[in-house]
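Structure first, commentary second.
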Amino acid sequence: MDVLFNSIDVRDLLSSPNIDDVNSPLSAPDLRLLIDRLQVRSVDIKSKVRQYILSHYSEFSTLFSQCSDVVSKSENLSSQVSDLIQLISDHPVEAQSKAVIDEILVKNREVKEKRELLGLLDVILELNDRLRFVKEEIKVGRVEQAAEVLRELKAVLVTRNDEEKQPLVYGLLKDEWTECFEEMQEVLLQCMDNAVWFEQESNTVHLKYQLSIRDVDGIELQTILKAMDAVGIMDYGLAKVADLMIKHVIVPVVSFRSTIVVEWINQESENGVKANLKICPSADPNVDSIDGGGSMYSVLIDVVKFISKSLCFENSTWMLCFGKLTWPRMSDLIVSSFLSKNVPDDASKLADFQKIVKCTSSFEASLKELMFIASSDGKDERLSKFADNVEVHFASRKKVEILAKARNQLLQSDFRLPEDGTRQNSKVKDDDNAESSSDFVVNLLFTSERCVVSEAASRLMKLVHGTLKDVCLSSSRVGLEFYHASRDSLLLYEAIIPVKFERHLDSINHSAILIHNDCHYLSQEILGLAFEYRSDFPASMKELVVFADLAPRFQMLAEDVLQRQIKLVIYNLKQAIDGADGFQNTHQMKQYESAKLSIDQVIFILEKVYIIWHRLLLPSAYKRSMSMVLEEVFSRIANDILLLDDIAAEETLQLQRLIHLLFENLSSFLDSVLVINQTGKLQESPTQTLDDLIPSLRKLRKLADLLDMPLKSITAAWETDELANHGFKQSEVEDFIRAIFADSPLRKECLRRIESRYYQAFSYS
């Protein structure tokens, strides 16, 4: 049979095996030959298959018989299964069994639920009986047993978290427990009120050990405390007692209104044993200030011992609870009434405070032994921490005092001018007489100038210098607080003065100039602070101390105040010049008087400014500021005149007269600008002229000359660049000629020459 599985290759049946060549397709003879050979091969294959079947006949017969047996057996099995199914359907035993089993499961579930309900009922009855027991025990005064039961019931009824799964009856039981708890709390608190009280007449705290509850006598105070501890209201029950002890015992001891002596009195009375704490004033009221608080601490220890023995029965848990209620208030009272008041006012007395530190540490150690404060909790060492940081507290107090002093000085300042408080009083920096003439004429560190400052700035810098000197003599912690105090004092000036004198800054007055001088002076002083004191500062502070960042703030504030004054002056001058109505028609008497009045107002404003600025401003600032103001005045007047489109012959004379009037009255101002140098002396060889400082001055002067010059002279002045050098533009000269001179061939020729001169200059450039 292998021949059946061998492939028949068509190439073997052809005479030319290359049948893949598309350029030489098979011919008809080749195809007929291929068909014949395929037929021969097919006959050969059939013959071989027939021979193979005949030779394996027995094997094929056996295979076919086995297949027939399998088919007959499967048919027999199918018949049996059908009979079984028919039998089951005729007799449903299994269905009945399933119903019985389901019923058994339901009955078992019902039995289990009933057992659980019975168990729950037993628990509820037991809880109810115990709650009833609590009520009965409270009635007969056995509060300790009742408290223990309440604590056990709390774990069952109150502290469980699965409230959503609990039955409704549990909520009712919980309400019943709450009612019992409140009743127990009320009884115990009433007992504590009866056990501890203060008698004002005898100044005595009474403790009663035999108490009564609802006509039941003989109940011990210790039993009440145990009950409070069991139900978890110890802190609530002792709160009122703690408040009583603080108010009537601790406060008198610590307040130093009198030194306290504690007396122990044990007496038998009709109502049982009592313990009384009697407070008596001491004969020596100054003993505490002498022994560093030792007597006060001793009395407080006796008070705590009394509480431990008579009230808490030396129970450490109860004692800690009472301590948590009283120690925060008690320690704060000691700090505020004793320790803080004994913080030294002088750094040299800090060593004397060590006695108080030692007594305070011993006091807290004794409280730890008595379990009044926890020995493992450092948070309770409040007094020791305060005493150990006495340097910081000293520095903080001094810082507050320094800032308060600086603030008061600034708020009380009125910026009145000191007598003879001008920079002219002291001609040179090293003049001893000048130094003593006024405390408010100060030398600037980084310039050779002197200026007048306000009393507030002078005192502020004295305060800052004094504080920094203390830094050099102090420890790092104290010095750091003093350093911040000096910085904050300087910043107070920036925060207070501009706000306090806001209205003064909106008007022309000496206060604004003094503020400018103050800020300039403070900025220079601030830059010198680090250089002056850094070498003497504590080593750990040298890298932390910074003042230079404050100097630009004051320098900017000084410049802002001065620029604000300059703008205000310029605004007022422009308002005055506006009254001249552009200097039009000044040949008319009314218009001339109006223009003259405007010039008089300008002169009046400048005289007022001169009086203030020349006395107070630094020479360099005065020269710069006055030059700016005069430049605005001269340029505005020159521009207004040059804008006139028609000027009569008589009008030119009036305009020239107004300009000359202005220069005559401002001559002293112009001289003051020119002669001032940085030392306040006359400048013998000035390097700058008025024309350099005030460019519009030469323009206005030249304009006065142009008003009575002939046309040809004006044209010649332009052609020689004289007018251009004085600040005139071509358009201004042309408009000026058109305004003064009538239209004529000469005017046209001159205008042409001016224009051609412009183009020549332009092409040359």
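The values are calculated or read from the model by the stated rules, or taken from the named source; none is laboratory data. These numbers were taken from a predicted model, which means no experiment stands behind them. As a convention, Cβ positions derive from the backbone with ideal geometry for all residues, glycine included, and neighbour counts pool all protein chains shown. SASA here: full protein model, heavy atoms, side chains in, ligands and nucleic acids out. Shrake-Rupley method; radii C 1.70, N 1.55, O 1.52, S 1.80 Å.
The range 434-541 gives an Rg/Rh value of 1.02, both radii derived from C-alpha positions and Rh following Kirkwood. Only protein heavy atoms count here; on that basis, with a 1.4 Å probe, LEU189 has an accessible area of about 40 Å².
Backbone geometry of the range 133-141 corresponds, through the Karplus equation with coefficients 6.51, -1.76 and 1.60 at θ = phi - 60°, to 3J(HN,Hα) couplings of 5, 4, 4, 5, 5, 5, 4, 8, x Hz, x marking Gly and Pro. In plain terms, the chain from LEU168 to GLU116 could stretch by 17.1 nm, reckoned as 0.36 nm per residue minus the Cα-Cα distance.
Do any of LYS567/LYS729; LYS240/LYS368; LYS567/LYS623; LYS135/LYS174; LYS399/LYS500; LYS174/LYS226 go past 18 Å between their Cα atoms, and which?
Beyond 18 Å: LYS567/LYS729; LYS240/LYS368; LYS399/LYS500; LYS174/LYS226.
Set the Förster distance to 60 Å, then compute FRET efficiency between ASN194 and ALA548 from the Cβ-Cβ distance, nearest 0.05. Step by step, r from the Cβ atoms, then E = 0.25.
Can you pick out the pairs among LYS355/LYS398; LYS309/LYS341; LYS139/LYS305; LYS574/LYS608; LYS309/LYS385; LYS574/LYS702 whose Cα atoms lie more than 24 Å from each other? Listed pairs above 24 Å: LYS309/LYS341; LYS139/LYS305; LYS309/LYS385. Applied to the range 537-551, the Karplus parametrisation 6.51 cos²θ - 1.76 cosθ + 1.60 on θ = phi - 60° returns per-residue 3J(HN,Hα) values of 6, x, 4, 6, 9, 4, 7, 9, 7, 9, 10, 4, 5, 7, 4 Hz, with x for Gly and Pro.
Would you mind calculating the gained length between SER82 and SER255 on full extension (0.36 nm times residue separation, minus the Cα-Cα distance), in nm to one decimal? Please list the in-between numbers first.
Details: separation 173, 0.36 × 173 = 62.28 nm, distance 11.08 nm.
Result: 51.2 nm gained on full extension.
Counting 0.36 nm for each residue step from GLU532 to ASP705 and taking away their Cα separation leaves a gain of 56.5 nm. What the Cβ-Cβ distance of GLU749 and HIS587 gives, at R0 = 41 Å and to the nearest 0.05, is a FRET efficiency of 0.90. Relative to one another, the C-alpha centroids of the range 306-361 and the range 483-523 are positioned 46 Å apart. The residues of the range 515-639 present an accessible area of 43 Å² per residue when probed at 1.4 Å with all protein chains retained. The simple Förster model, with R0 at 35 Å and r as the Cβ-Cβ distance, assigns ASP44 and ASP69 a FRET efficiency of 0.40. Residue by residue, the range 703-711 carries 3J(HN,Hα) couplings of 4, 4, 6, 5, 5, 10, 8, x, 4 Hz when phi is fed to the Karplus relation 6.51 cos²θ - 1.76 cosθ + 1.60 (θ = phi - 60°); x denotes Gly or Pro. Applying both filters, DSSP loop and at most 14 other Cβ atoms within 10 Å, to the trypsin sites (Lys or Arg not before Pro) of the range 220-249 eliminates every site.
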